[in-house]
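Notes for the one structure printed next.
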Amino acid sequence: MFTVSKSIWVNPSPEQETVLTRDHIWEGLVMKAEDATPFVEVMDKCRVLERGDRYLRREIEINGTKAQERVTFFPKHMVVFEPLESDGLIKNDIEEDAHGHLSIRFTFALELPKDENVSAQTYAQRMEKNYTAAVETTLDTIRTFVKEGKL
């Protein structure tokens, strides 16, 4: 198993047209947990199978492959995605520095798939690139939803 963690600024430019707040980010992450298709380009389907106190279980489909995940909510702080068919997890932490600047730290701990013919380092680098893009797309989608009044 390997772990990668990276932080991405939420509002990197002070001239940014739409500044996101912690509440915007939190609401967007909850929306993403419930239906990730507007947030994750490669996701074909996402549906909630079960809801509980501070968690849900969902089925996702990516490139024709279905999987189930448990999503656990730590309100206004963190969302944790755990695949149910394999070991690992993906965390999205909302962080704030001493100056009030927000960032999202994504952390993933995953096993190298058995069918991958690359080193763990090469696979981790590829996954980091993919997850960075996914977080940036998530922030762009949340920003669009704020502009449209959906958040």
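Yes/no per residue for (1) within 22 Å of PHE108 (Cβ to Cβ); (2) in contact with a His (Cβ under 9 Å, 6 or more places away or on another chain); (3) open to solvent by less than 50 Å² (accessible area, probe 1.4 Å); (4) of a type in the set (Lys, Arg):
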| position | (1), (2), (3), (4) |
| --- | --- |
| GLN16 | no, no, yes, no |
| ASP23 | no, no, no, no |
| GLY28 | yes, no, yes, no |
| PRO38 | yes, no, no, no |
| GLU41 | yes, no, no, no |
| LEU49 | no, no, no, no |
| ARG58 | yes, no, yes, yes |
| THR72 | yes, no, yes, no |
| VAL80 | yes, no, yes, no |
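Per the listing ILE94, ILE62, ILE90, the residue uniquely surrounded by 18 or more Cβ atoms within 10 Å (Cβ to Cβ), closer than 25 Å to LYS114 by Cβ and in contact with a strand residue (DSSP E or B) (Cβ under 8 Å, 6 or more places away or on another chain) is ILE90. When you check SER5 against the structure, is it under 19 Å from ALA133 (Cβ atoms), hydroxyl-bearing (Ser, Thr, Tyr), assigned to a strand (DSSP E or B) and open to solvent by 50 Å² or more (accessible area, probe 1.4 Å), yes or no? Considered against the rule, which asks whether it is under 19 Å from ALA133 (Cβ atoms), hydroxyl-bearing (Ser, Thr, Tyr), assigned to a strand (DSSP E or B) and open to solvent by 50 Å² or more (accessible area, probe 1.4 Å), SER5 comes out as yes. In the stretch 6-22 there is no residue that is closer than 21 Å to LEU89 by Cα and out of contact with any Asp or Glu (no Cβ under 7 Å at 6 or more places or on another chain).
Residue by residue, here is whether (1) within 25 Å of VAL48 (Cβ to Cβ); (2) in contact with a Pro (Cβ under 7 Å, 6 or more places away or on another chain); (3) among the charged types (D, E, K, R) holds:
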{"site": "MET78", "(1), (2), (3)": "yes, no, no"}
{"site": "ILE90", "(1), (2), (3)": "yes, no, no"}
{"site": "SER103", "(1), (2), (3)": "no, no, no"}
{"site": "PHE108", "(1), (2), (3)": "yes, no, no"}
{"site": "THR122", "(1), (2), (3)": "no, no, no"}
{"site": "GLN125", "(1), (2), (3)": "no, no, no"}
{"site": "LYS129", "(1), (2), (3)": "no, no, yes"}
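Taking the criterion of being in contact with a Phe, Trp or Tyr (Cβ under 9 Å, 6 or more places away or on another chain) and farther than 18 Å from PHE73 by Cα, the residues of the stretch 1-40 that qualify are PHE2, THR3, VAL4, SER5, LYS6, SER7, ILE8, PRO38. Comparison of ASP23, ASP44 shows that the only residue that is over 23 Å from GLN125 (Cα atoms) and in a helix (DSSP H, G or I) is ASP23.
The criterion of at least 1 residues that are more than 20 Å from LEU56 (Cα to Cα) is met by the following strands (runs of 3 or more DSSP E) wholly inside the stretch 69-136: 88-96, 102-110.
Just so you know, in the stretch 97-147 the residues that are in contact with a Leu (Cβ under 6 Å, 6 or more places away or on another chain) and over 18 Å from ASP23 (Cα atoms) include one that is modelled with the lowest pLDDT, and it is ALA120.
The values are calculated or read from the model by the stated rules, or taken from the named source; none is laboratory data. The structure displayed is predicted, hence computed values, not measured ones. Virtual Cβ from ideal backbone geometry, glycine too; neighbours counted across all protein chains shown. Accessible surface is based on the protein model in full, side chains and every heavy atom, while ligands, DNA and RNA are left aside. Shrake-Rupley method; radii C 1.70, N 1.55, O 1.52, S 1.80 Å.
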